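Report on the following structure.
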Amino acid sequence: MNTLVVTYDPKNKIAKGLIDVLAKTDGVEIDDDAILTEEEIRLIEKSKKSGICKDISQLQEYIKSQLYDVA
């Protein structure tokens, strides 16, 4: 299973509808209680600002480990 972090505005009806449909799909779990820590947010923002997206495997592994620790 792959883990994906999605940020969307809950007021956006299209995004909300897509999330609702995805939640009803077999094999998909949506954990809307997963909240990023300040450190995770800082790392993501730093990555976005760098403009370089060559290797994000360490960030992905870190986020996955944090998500699995919560569950």
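Only the coordinates and a few stated rules stand behind these numbers; no lab work does. For clarity, every value in this text was computed on a predicted model and none was experimentally measured. When we count neighbours, we look across all protein chains shown, and the Cβ atoms used for this are built from the backbone with ideal geometry, even at glycine.
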_Hits in segment 13-67 - residues which are outside any loop (DSSP other than H, G, I, E, B), surrounded by 13 or more Cβ atoms within 10 Å (Cβ to Cβ) and of a type in the set (V, I, T)_ = I19, I44, I63
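Return a yes/no flag: does segment 50-64 have any residue that is among the aliphatic types (A, V, I, L, M) and either in contact (Cβ under 8 Å) with a residue 60 or more places away in the chain or on the phi > 0 side of the Ramachandran plot (or both). I'd like the intermediate steps shown before the answer.
Of segment 50-64, the ones among the aliphatic types (A, V, I, L, M) are 52, 56, 59, 63.
Narrowing further to those that are either in contact (Cβ under 8 Å) with a residue 60 or more places away in the chain or on the phi > 0 side of the Ramachandran plot (or both): 63.
For segment 50-64, residues among the aliphatic types (A, V, I, L, M) and either in contact (Cβ under 8 Å) with a residue 60 or more places away in the chain or on the phi > 0 side of the Ramachandran plot (or both): present.
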